[in-house]
Structure formats: structure tokens, C-alpha cells
Amino acid sequence: DDERDFLLSNPKHQITFLAPVGTKNWTPSMTEQLTQLLPPMVNVVLVPSADHITPTINIWHDENENVRWMPVDGSFDDIGADGLWQNRPSAQDILSAIQDTDDDDIILHAIIESGSKPTGKGLDALPFFDDKLMSRVSTAGVEPIVFADEVSGKVTEEDSHAVTTTMRKIRQSFVRARACDKEKDGNSLFVVTPDRPCYEGMISHTNLTMDESENTENNEFEMIIRDGGNGCFTNEMKMPAATLRTIDKAPVNPTGAGNAFSAAYVVCRGTGSSVKEAASIATAVGAVVCEYEHLPPWSLEVVERIAEAACEVI
């Protein structure tokens, strides 16, 4: 038991969570609550701005598990997310957070606003265009955020074009930065984890879509699509969702499950798991998040539950 507790508290890799906060409404108690919500080994780095508020939303999921949300008190105006998310965290914020590690094979994963008129003016993607930062990153993961029309369920042409262009530019920047470091042979893995409406919008622009045939020996690109209760898929693989261990087999609260899936998949791929292995673990993580009202606690029971769910779907 002591050995298991040690392993839970001392992962092989340092984990850092960076988040921008507007201090007009952010309080020390919120920092404490956030710290308690995350596993104890996670290094929490908050990037404050005295000129903004931290966005607050009412969020829910419809019967098809599509996200529905409504901002509270101007949370997405200039004083909120539209201003706060502009280059926060910055490349320098991230470099400062990793300055104490000698590891030059950093895994960087981010949620990026990606439509034609993205919140934050698209400046949340700026760290991916910093050569100094990206030269230290061996695996980069992006979860692009663009919302489908509530009636049609489809992403607009303008948003589809914008998200695809942004992903291509990030990949090009990443490959260029890695290629400049000959000691690493330029090796890189770029992972994009869109939901299904975003993916279908991206593939509608065949002249812009990042084809995996562009992969080289040193620079790989892959995309895995989050499909809610249907699981996930790539061009070569489809994986079902794990069975929820709830009374009615329905989610208790699916908020954040897709985000958790994306992060888990990118980290697993960046640490050597195959596509199938990473997808099974990420699917399990997403399912377990759905089984709790808030984030699951970091405990041996939860880790074993993730392993069980991964074995079910693989």
C-alpha cells in the first residue's frame, strides 16, 4: 500500500497546469479550491491579470451530450475571456514554468479557440509560434474549440476554414522549430483532438486538411476525433465508449470529459503508447470523469477504474 501511494504521488513526469485568471473576481479561496480539485503532484501556475475578470459560465449538455453554455456577467467580453485569453499563458510563462527541468522532450497540450472570430482574438495560440518554446517540445497537442450551429449541428464554412488554417500553421511552426535543433533530429509529434462537428468541418476543406500522408520519418501528425457517447475514431480505428458504472449507465456530469480525453491521449502518445493504447486509456479517462459530479479524486480506486475501462474498450 505504501508503494502504491508513493507511485500515485510521484509520477515519472513533472506535471504543470497553467491557467489565466482575472483578479477582478478571482479570490485566494478559489486558488485553494482549484488546488484541491487537481491531483496533489500537479504544479498549478496561475497567470493573473488585474484588468480582467475570470470567465464564469453556466454549462450543460443536451440529450446528445452536446455542450450548451451561457456566459455570466460579461464573462466573454473584453473585460473577460476576450481580453484575458490574449496570449495568456504566454510562451515565456510556459518557459518559466519548465525552467527547472532539464528535459527537452516536453509534452505541451492546450485548448485553443479556433473559429473565424475566436474568443481572445486567436492569441491563445501564440505560444505554439515561439521557436524557443517549441524547440523544447517533442509532442504538441491541440484541442481546437469551435461550436457547431445548434440547429444544423454543423460548423460554419468560415469556422471550418479558420480552424483548419490555424492547425496547419501551428504544425508548420512546430516542425520548423524542431528542425532547427539538430541534436534532437527534429523529431516531433503533433496531435489534434477535435470533436466530430469540428472534424467534419475540417475535412470539408480538402485543400487545407492536414493529411497524414504528409508525415515524414521525423515529423508526424495525427488526428483522433472525440465522438461523445459513441467513443472516438481515427482514419484506421474506431473505439467504442466505455460502459459507465452509474446506476442508469448515464453520465452524472459529462462536463470536462472531452478535455480530459484529449489531454490523456496526447500524454499517452507522447510517452510511448501506441494509438490504440492511448485511445483506450483516454476513452477510459473520459468515461470516469462522466461518473462524478466534479473531477474524480486522485486515488488508487479511480486509477484501477480507469484501467478496467481501458481493458473493456481495447
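The table that follows gives values for the structure above.
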{"item": "Whole-number percent relative contact order across the stretch 86-168, with pairs defined as alpha carbons under 8 Å at least 6 apart", "result": "37"}
{"item": "Within the chain, longest stretch clear of exposed trypsin sites (Lys or Arg not before Pro) (DSSP loop, no more than 12 other Cβ within 10 Å)", "result": "13-248"}
{"item": "Relative contact order (%) - criterion: Cα under 8 Å, at least six apart; region: the stretch 33-126", "result": "25"}
{"item": "CD proxy at 222 nm, helix term only [per DSSP H run n ≥ 4: -39500 (n - 2.57); per residue of the chain; nearest 500]", "result": "-10500 deg cm²/dmol"}
{"item": "Relative contact order, percent, the chain [alpha-carbon distance under 8 Å, six or more residues apart]", "result": "13"}
{"item": "Helix runs (DSSP H) in the chain reaching 27 Å along axis by Cα, Kyte-Doolittle at least -1.0", "result": "157-179"}
{"item": "Over 25 Å (Cα to Cα) - which of 154/276; 12/276; 121/154; 121/238 fall in this group", "result": "154/276; 121/238"}
{"item": "Correct option for log10 I(q)/I(0) by the Debye sum over Cα atoms at q = 0.10 Å⁻¹ [calculated from the coordinates] among (1) -0.51; (2) -0.65; (3) -0.57", "result": "(3)"}
{"item": "Relative counts (whole %) of C-alpha pair distances in the stretch 227-314, using bins that are 5 Å wide", "result": "3, 17, 27, 30, 16, 6, 2, 0"}
{"item": "Largest to smallest accessible area among 180, 198 [probe 1.4 Å]", "result": "180, 198"}
{"item": "Inter-centroid distance (Cα atoms) of the stretch 96-111 relative to the stretch 235-314, Å", "result": "24"}
{"item": "Average accessible area per residue (Å²) across the chain - probe 1.4 Å, nucleic acids and ligands excluded", "result": "53"}
{"item": "Of all accessible heavy-atom area on the chain, the percent that carbon and sulfur account for (1.4 Å)", "result": "52"}
{"item": "Difference of contour (0.36 nm per residue) and Cα-Cα distance, residue 60 to residue 243", "result": "63.8 nm"}
{"item": "Compactness of the stretch 43-103, expressed as Rg and Dmax over alpha-carbon positions, Å", "result": "15.7, 47"}
{"item": "Theoretical FRET efficiency, 1/(1+(r/R0)^6), r = Cβ-Cβ of residue 100 and residue 38, R0 25 Å, to 0.05", "result": "0.85"}
{"item": "Rounded to 5, the percent of DSSP beta bridges in the chain classed as antiparallel", "result": "30"}
{"item": "The stretch 21-133 - share of DSSP beta bridges that are antiparallel (%, nearest 5)", "result": "75"}
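The values are calculated or read from the model by the stated rules, or taken from the named source; none is laboratory data. As the structure is a prediction and not an experimental result, all values here were calculated from the model. All Cβ positions, even for glycine, are placed from backbone atoms using ideal geometry, and neighbour counts span all protein chains on display. When the accessible area is computed, the model is the full protein with side chains, heavy atoms only, and any ligands, DNA or RNA have been set aside. Shrake-Rupley method; radii C 1.70, N 1.55, O 1.52, S 1.80 Å.
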